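Data block below; observations after.
Coordinate-derived values only; no laboratory data. Here the structure is a predicted model, which means the values were calculated and not measured. Ideal geometry is used to build each Cβ from the backbone, glycine not excepted, and the neighbour counts take in all protein chains shown.
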Amino acid sequence: MLFYLLSAFSFGGGLKLRSMGRNRQFQSYLLVAALLFLFVGMLQGNDSPQVAWIRYAVMLFRVLFGLISPFAFLFFGLALVFNGVLLLKKEGWAKRFGLLVAVGAFILLMDLLFLLNYFVFHHYLIWRFMRLMGYFIIYFGVVLILFFIAIAFYGLIPVALDKDFVIVLGAGLLPGGGISPLLQRRLDRAIRFFRHQTDRTQKRPCRLIVSGGQGIDEPFSEAYAMKRYLIEKGIPEELILEEDKSVNTYQNFLYSKSIMDAYKESYKCLFITNNFHAVRSSLYAHRVGLETDGLGAWTPLYFLPYAFLREFIALIFLQIKGHTLLLAGVLVFGLWRIYF
């Protein structure tokens, strides 16, 4: 009963935030929590035949996971290596793409160790090590699934057409100062929202804040390149504000907030980035005290595996204290199960 009450409370909280038009990030978190509490409640303390199929499904999942997980991780490792090599060819050399290849190679090595021990070595220490690693894999797997669900919910929750400002988060420029495909999709998404709100509400158009400083390998600021692109697409120059000092997402919001505060005492704003980046961006916005919604632009499929993995790792480090405590608990639990 407790889990059903927690599920109802979480779902009700999400609906309340939705009715208030507030904080899409926490709306998505509450909806994810409602589903989890509902699922756990159906598994706990209920022997009725209506939910027996769920118990059997969980048992079947555990068996199948044990049988196919080595091959699933083999496929996952190969996919990461392949995607990293593809990105290196399409986007050029970068440490972050090399890291993707390295993570994939590590997974392949772990999978190889498991298979060799299963068919050749049969060493009990390797089994214990692999079993301990399994607990960490389960932990990160659950967190990754929750991350995907949160992103999906975040993208499905609609945005009200009542914004005074729209912040477009910058991304790297091409050599020579051209707009990269990733950044172009953000700008095009901002243009569509700008025109949609203006046409549907017949109100004074919102202002677009282009946010991004100048990198060491860029001839000018990202904000300048973004503003130039928007003007070429027909956005009035007087409605475009430049924020050209920021070097990361946190500063994007911090400096953009200063610009908006200088224009209006009370306002409603929206930020636009790529879909994989929306959840983490909303956390940074909350940290600077900015009450805002986010919209995610479409991302090419070949870029998504790297992008989601990078965001997942960044989100872990953004909440490192909580994850460290939980991982310590996983370690203690794993050692207790293995040795006692």
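Note down the magnitude of the dipole of segment 165-299 about its Cα centre, charges +1 on Lys and Arg C-beta and -1 on Asp and Glu C-beta and zero elsewhere, to the nearest 20 debye. Write out the running numbers ahead of the final one.
Values: 18 positive and 15 negative charges, 102 e Å.
It comes to approximately 480 debye.
Amide H of Leu295 versus every other amide H placed in the peptide plane: which residues, excluding those fewer than 5 positions away on the same chain, fall under 5 Å?
Phe271, Ile272, Thr273
Can you pull out the GluC sites (Glu not before Pro) in segment 168-275 that DSSP calls coil and that have at most 11 other Cβ atoms within 10 Å?
Here the GluC sites (Glu not before Pro) that fit, given the DSSP loop and packing criteria, are Glu265.
Kindly put Asp244, Asp217 in sequence by how many other C-beta atoms sit within 10 Å of each C-beta, fewest to most.
Working: Asp244 18, Asp217 8.
Going from least to most buried by this count: Asp217, Asp244.
Which ³J(HN,Hα) values in Hz, rounded to whole numbers, follow from the phi angles of segment 222-230 under the Karplus curve 6.51 cos²θ - 1.76 cosθ + 1.60, where θ = phi - 60° and Gly and Pro get x?
5, 4, 5, 5, 5, 4, 4, 5, 5
What is the set of long-range amide H partners of Lys268 at a cut-off below 5 Å, with H atoms built 1.01 Å from backbone N?
Asp164, Phe165
For Thr324, Thr292, what ranking results if the residue with the fewest other Cβ atoms within 10 Å of its Cβ goes first? Numbers along the way, then the final one.
Details: Thr324 11, Thr292 25.
Listed from fewest to most nearby Cβ atoms, that is Thr324, Thr292.
What's the center-to-center distance, using Cα atoms, between segment 105-182 and segment 274-303 in Å?
Result: 16 Å between the Cα centres.
Give me the Debye-computed log₁₀ of I(q)/I(0) at q = 0.21 Å⁻¹ for segment 165-299, equal point scatterers on Cα only, no solvent, two decimals.
Debye curve over Cα of segment 165-299, log10 I(q)/I(0) at q = 0.21 Å⁻¹: -1.34.
Determine, for Lys89, Lys268, Lys227, the number of other Cβ atoms within 10 Å of each Cβ, and report the residues in order from fewest to most. Don't skip to the end; give the middle numbers.
Numbers: Lys89 10, Lys268 16, Lys227 22.
With the sparsest Cβ surroundings first, the list reads Lys89, Lys268, Lys227.
Tell me the relative contact order for segment 111-201 as a rounded percent, counting alpha carbon contacts under 8 Å between residues six or more apart. Present the calculation step by step, with values, prior to reporting the outcome.
Values: 22 pairs, mean separation 15.7, N = 91.
Computed value for segment 111-201: 17 percent relative contact order.
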